[in-house]
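Asker: Questions regarding the structure given below will be posed in turn.
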Amino acid sequence: MKVPLSWLRSYCDPGLPTNELGERLASIGLQPERVDHVGVAELSAFVVGRVLSCEKHPDADRLSVCIVDDGSGEQRQIVCGAPNVAAGQTVAVAKPGAVMPDRQTLGEAKLRGVKSSGMILAEDEVGISHEHAETMVLSDELAPGTPLTEALVIEDEVLDLEVNPNRVDAFAVYGVARDVHAFSLAPLAEDPTARDQEPVGTDGVEDHAGVTIDPEICLRFTARVFEDVKIGPSPLWLKQRLTAAGQRPISNVVDITNYVMLATGQPLHSFDLDRVRGARIDVRRARDGEQMTTLDGVERTFDSTMALVCDAEGPSGIAGVMGGQISEVSDSTARVLMEAATWVGPNILETSKRLGLRSEASTRFEKQLHPDLAMAAQRLAARLMVDLCGARLVPGTIDVYPQPLEPRVVPLRHARIGKLLGVEIPPDEVVAILGRLGFEPTESSAGTWNVTVPYWRDGDTRREADLIEEVARIHGLDSFPATLPERPQAVGRLTPAQRLRRTVEDALRHRGLAEAISWSFTRPEAMDQLRLADVPLLRLDNPLSEDQSVLRPLLLPGLLDTAAYNAARGRASAGFFESAHVYRASGPLSTNGDLPQRGSTPSSEHHHIAALGTAGYRSLKGVLEGMLDTTAADWWVEPDERPFLHPGRSASVMAEDERKIGWIGELHPLVARAWDLDGTWAAFEIDFDMLAEVVPEARHYVPLSPFPAVIQDIAVVVDDDVLAADVQATVAEGGGELLERVALFDEYRGAQVGEGKKSLALRLEFRAPDRTLTDEEVAERRAAIEGALEELGGRLRA
């Protein structure tokens, strides 16, 4: 919201320098993003002058040589190119040394051989508008030599405020002035909408137009009729305010609608009543495929979700967004229908998005204006139409308002203010602050008020806490103590699942993996690159881009993107992990061990933990073991295949009840190539939610034995297709309770064990909790292990 300071100060002037005013506005929630300087500098060089004579330039048909009285006592010769300049005019003059809006310094010059000492100014040369065709003609009541600043605002500063969407009242200059008045106690000018214009005539507005509305899309529709309208340029003060606020002056009628919108926050629309077919307005939903050319010259097509303002023959405007060319005000307009309506905010927002058309009006309407604001804007617009256009206001107002809103009353307790803010604010100050903001507190009992909310704050002040926030921001948030209020009973702790998640995340960090944080969105092509083209995806209705248009069904794509980013910058060997949510169009990863098939409709959100590294399958399996061992879960792996993993080098991670809680394996070469990754990459991904279900609630720790262990290494020869995990399980079963640990540390294939065979080297650790083991006890357990291995088809190597 651009707020020209000269305009703001005309409503409420706190007497603060611009930087202090900006800081104070920021402290109450109206943060200035920047301050723009508009207009000229060196104000003393700009004065009022009077043209004493005006003669044609001897060597240029389009130039005039003017003798100007600038009040200095000496006549000034100025060469001027404006076609309207004439003797006797009171004009704006820039003397040599003046700094123009483009920050160029004006000097004396010769134009076609004639000396020119200064400039007779057009509107754009002092930043009042963009008009350059003619010079400005001022009131003859101004004496030559009068500082131009006494006649015009030629230098201004503009605060570009960042307004929160809930503060729709601050999208108006007078709304900002209310807040300035509240914190500064500076006088506030009368509400510009307070006074209405007296109508003239014996006819009525119903004699000129009629209105019907659809109450589902329009809460209130008001219309007034003006006759004998004289279209022309707006006065200079109005042009200056619009230009400083970022609007381009067009004509008096159009400028009035923009001015009222900026002053009050209520957009208006003016119709040429003679071009409103059938002299009636019908607010309705569009018909699918219906078309209209808007004021910007674009033909637009509508659907049945959109609201249109129509006349007897078809659309004449997009409700709350932009008018149509069919009834546009032009130089020939003599009768104006002025509309001020209240639209349903979500409908305006959706229409604006669908059409890709955003306007100052839609920006305000989509935040939901109050219906009372429509009539307030009509009052100000009526006075301006009569004053600036010489119009006659036809008696009466068309006001279609099916469900009038009653003023909102919110109870407020003084004790609650102190409890919520942590500081005590005197009751008199509470009442004074609310009163300055336009609220009307009425004491209902000791320390309790019923507060009537003004219509311009109805949208964001609906609860007691909202009123307390208003008191706090005006009282001054920086005056509150820096410590939080005491809450001795406020206790909290991590849930078991949260503690478990931190444990496994720490286990991965301790093993040298860097944590990656990626978007919850991914690109559909990533699933094709993972050879998962048939996986159903949850697509976003309004994605930021096509690369972030679907929710990720697993964490692997984000880790691959991270690995590719690092590899492209010289860090090709690295390990990453991520702990985050995934989103599926059907059940979790572990429902049946496979990804969901296309056609599934239910959606689910699960927390996964995944890792990716340049180490091979075995090394990454060691990382997985270290992570899962911290959980005390009963788990194992079984050979399994997935499209994105290398055939024969992948497995499913299993848990109790034969549940598949994840997968592990080396990346398929085609997948690695799709992400430009060289070498061998392995990954695993675990459904943490399912892991948490199989982790025992209580973990029982066994005291360490004070007696030494007996450590022996054995080599077991088995068929090549026998899993090492099966061999370990067999050895553990044969070793009984005395075998404390079994660890695989080597694997051999070659001529010494024979074709189709492999040798697995295992380290056995025997220990008793209450004594030192004897050789006979260990030999007995070794014999039991050999017997168990024979049943598996294995034998010990000599």
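Asker: Would you check if there is a residue in the stretch 482-495 being in contact (Cβ under 8 Å) with a residue 60 or more places away in the chain, open to solvent by 20 Å² or more (accessible area, probe 1.4 Å) and over 30 Å from Pro643 (Cα atoms)?
Answerer: Checking the stretch 482-495: at least one residue is in contact (Cβ under 8 Å) with a residue 60 or more places away in the chain, open to solvent by 20 Å² or more (accessible area, probe 1.4 Å) and over 30 Å from Pro643 (Cα atoms).
Asker: Return the only residue of Leu219, Leu188 being among the aliphatic types (A, V, I, L, M), more than 19 Å from Val336 (Cβ to Cβ) and in a loop (DSSP other than H, G, I, E, B).
Answerer: Exactly one residue qualifies, and that residue is Leu188.
Asker: Need the failing condition index for Ser518 against (1) out of contact with any Gly (no Cβ under 6 Å at 6 or more places or on another chain); (2) open to solvent by less than 40 Å² (accessible area, probe 1.4 Å), just the number.
Answerer: (1)
Asker: Then there is this: Out of Leu52, Leu63, I need the residue that is more than 18 Å from Leu106 (Cβ to Cβ) and hydrophobic (A, V, I, L, M, F, W, C). Which one?
Answerer: The match here is Leu52.
Residue by residue, here is whether (1) of a type outside the set (A, V, I, L, M); (2) farther than 22 Å from Arg24 by Cα; (3) modelled with pLDDT of 95 or more; (4) in contact with a Ser or Thr (Cβ under 6 Å, 6 or more places away or on another chain) holds:
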position	(1), (2), (3), (4)
Ala446	no, yes, no, no
Asn450	yes, yes, yes, yes
Gly459	yes, yes, no, no
Ala490	no, yes, no, no
Ala497	no, yes, no, no
Arg511	yes, yes, no, no
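Asker: Which one of these does Val200 not meet: (1) modelled with pLDDT of 95 or more; (2) open to solvent by less than 50 Å² (accessible area, probe 1.4 Å)?
Answerer: (2)
Asker: OK, next. Do you know which residues across the stretch 456-471 are over 17 Å from Arg178 (Cβ atoms) and either open to solvent by less than 60 Å² (accessible area, probe 1.4 Å) or hydroxyl-bearing (Ser, Thr, Tyr) (or both)?
Answerer: Correct list: Glu464, Ala465, Ile468.
Asker: On to the next question. Within the stretch 724-742, track down each residue that is open to solvent by 70 Å² or more (accessible area, probe 1.4 Å) and not in a helix (DSSP H, G or I).
Answerer: Glu740, Arg741
Asker: With the condition kept exactly as written, say whether any residue in the stretch 575-598 is aliphatic (A, V, I, L, M), closer than 18 Å to Leu691 by Cα and either at pLDDT 90 or above or under 29 Å from the mean Cα position of the chain (by Cα) (or both).
Answerer: Start the filter on the stretch 575-598 by keeping residues that are aliphatic (A, V, I, L, M), which leaves 580, 582, 585, 589, 595.
Those left that are additionally closer than 18 Å to Leu691 by Cα: 580, 582, 589, 595.
Going one step further and asking which of them are either at pLDDT 90 or above or under 29 Å from the mean Cα position of the chain (by Cα) (or both), we end up with 580, 582.
Yes, the stretch 575-598 contains a residue that is aliphatic (A, V, I, L, M), closer than 18 Å to Leu691 by Cα and either at pLDDT 90 or above or under 29 Å from the mean Cα position of the chain (by Cα) (or both).
Asker: Sticking with this structure for a sec: So which residues in the stretch 243-294 are closer than 14 Å to Phe226 by Cα and within 35 Å of the chain's Cα centre (by Cα)?
Answerer: Residues satisfying the conditions are Val253, Val254, Ile256, Thr257, His269, Ser270, Phe271.
Asker: Also, quick follow-up: Could you list, in sequence order, the residues of the stretch 743-798 that are outside any strand (DSSP E or B), open to solvent by less than 20 Å² (accessible area, probe 1.4 Å) and more than 30 Å from Leu704 (Cβ to Cβ)?
Answerer: Passing the criteria: Val753, Gly794.
Asker: Within the stretch 666-675, work out how many residues are touching a helix residue (DSSP H, G or I) at 6+ places or on another chain (Cβ under 6 Å) and either open to solvent by less than 10 Å² (accessible area, probe 1.4 Å) or of a type in the set (D, E, K, R) (or both).
Answerer: 1
Asker: Every residue in the stretch 719-760 that is more than 24 Å from Gly622 (Cα to Cα) and among the acidic types (Asp, Glu), please.
Answerer: Glu737, Glu755 - these are the residues of the stretch 719-760 that are more than 24 Å from Gly622 (Cα to Cα) and among the acidic types (Asp, Glu).
Asker: Being open to solvent by 40 Å² or more (accessible area, probe 1.4 Å) and either in contact with a His (Cβ under 7 Å, 6 or more places away or on another chain) or assigned to a loop (DSSP other than H, G, I, E, B) (or both) is the filter here; which residues of the stretch 113-141 pass it?
Answerer: Within the stretch 113-141, Gly113, Asp124, His130, Glu131, His132, Ala133, Glu134, Ser139, Asp140, Glu141 qualify.
Asker: Moving on. Name the one entry in Glu299, Glu339 that is under 33 Å from the mean Cα position of the chain (by Cα) and without any contact (Cβ under 8 Å) to a residue 12 or more places away in the chain.
Answerer: Only one candidate passes the filter, namely Glu299.
Asker: Any chance the stretch 693-712 includes a residue that's farther than 22 Å from Glu525 by Cβ and among the acidic types (Asp, Glu)?
Answerer: Yes, the conditions are met somewhere in the stretch 693-712.
Asker: Restricting attention to the stretch 562-587, which residues are assigned to a helix (DSSP H, G or I) and either within 16 Å of Val504 (Cβ to Cβ) or open to solvent by less than 60 Å² (accessible area, probe 1.4 Å) (or both)? Working first, answer last.
Answerer: Taking the stretch 562-587 first, the residues assigned to a helix (DSSP H, G or I) are 562-567.
Passing the criteria: Thr562, Ala563, Ala564, Asn566, Ala567.
Asker: Does Lys110 meet the test of being more than 17 Å from Ala45 (Cα to Cα) and open to solvent by 30 Å² or more (accessible area, probe 1.4 Å)?
Answerer: It is true that Lys110 is more than 17 Å from Ala45 (Cα to Cα) and open to solvent by 30 Å² or more (accessible area, probe 1.4 Å).
Asker: Open to solvent by less than 60 Å² (accessible area, probe 1.4 Å), touching a Pro at 6+ places or on another chain (Cβ under 8 Å) and among the aliphatic types (A, V, I, L, M), is that true of Val176? Break it down into steps so the answer makes sense when it comes.
Answerer: Numbers: open to solvent by less than 60 Å² (accessible area, probe 1.4 Å): yes; touching a Pro at 6+ places or on another chain (Cβ under 8 Å): no; among the aliphatic types (A, V, I, L, M): yes.
For Val176, the condition - open to solvent by less than 60 Å² (accessible area, probe 1.4 Å), touching a Pro at 6+ places or on another chain (Cβ under 8 Å) and among the aliphatic types (A, V, I, L, M) - is not met.
Asker: Sort out which residues of the stretch 246-265 are in contact (Cβ under 8 Å) with a residue 40 or more places away in the chain, part of a loop (DSSP other than H, G, I, E, B), open to solvent by 10 Å² or more (accessible area, probe 1.4 Å) and not polar (S, T, N, Q), and write them in order of number.
Answerer: Across the stretch 246-265, the qualifying residues are Gly246, Arg248, Pro249.
Asker: Which count do you get for residues in the stretch 151-171 that are part of a loop (DSSP other than H, G, I, E, B) and surrounded by fewer than 18 Cβ atoms within 10 Å (Cβ to Cβ)? Give the derivation first.
Answerer: Keep residues of the stretch 151-171 that are part of a loop (DSSP other than H, G, I, E, B), which gives 151-154, 163-167.
Okay, now just the ones that are also surrounded by fewer than 18 Cβ atoms within 10 Å (Cβ to Cβ), so 164-166.
Within the stretch 151-171, residues that are part of a loop (DSSP other than H, G, I, E, B) and surrounded by fewer than 18 Cβ atoms within 10 Å (Cβ to Cβ) number 3.
Asker: For Asp282, all conditions in the list (1) open to solvent by 10 Å² or more (accessible area, probe 1.4 Å); (2) farther than 14 Å from Thr212 by Cα; (3) out of contact with any Phe, Trp or Tyr (no Cβ under 7 Å at 6 or more places or on another chain) hold save one; what is the number of the exception?
Answerer: Only one criterion is unmet by Asp282, namely (2).
Asker: It is to be established whether one or more residues within the stretch 281-298 are among the polar types (S, T, N, Q) and closer than 19 Å to Phe365 by Cα.
Answerer: yes
The values are calculated or read from the model by the stated rules, or taken from the named source; none is laboratory data. Worth saying up front: this structure is predicted, and the values here are computed from it rather than measured. With ideal geometry, Cβ positions are generated from the backbone for all residues, glycine too; neighbour counts draw on all protein chains shown. These area figures cover heavy atoms from the full protein model, side chains too; ligands, DNA and RNA do not enter into them. Shrake-Rupley method; radii C 1.70, N 1.55, O 1.52, S 1.80 Å.
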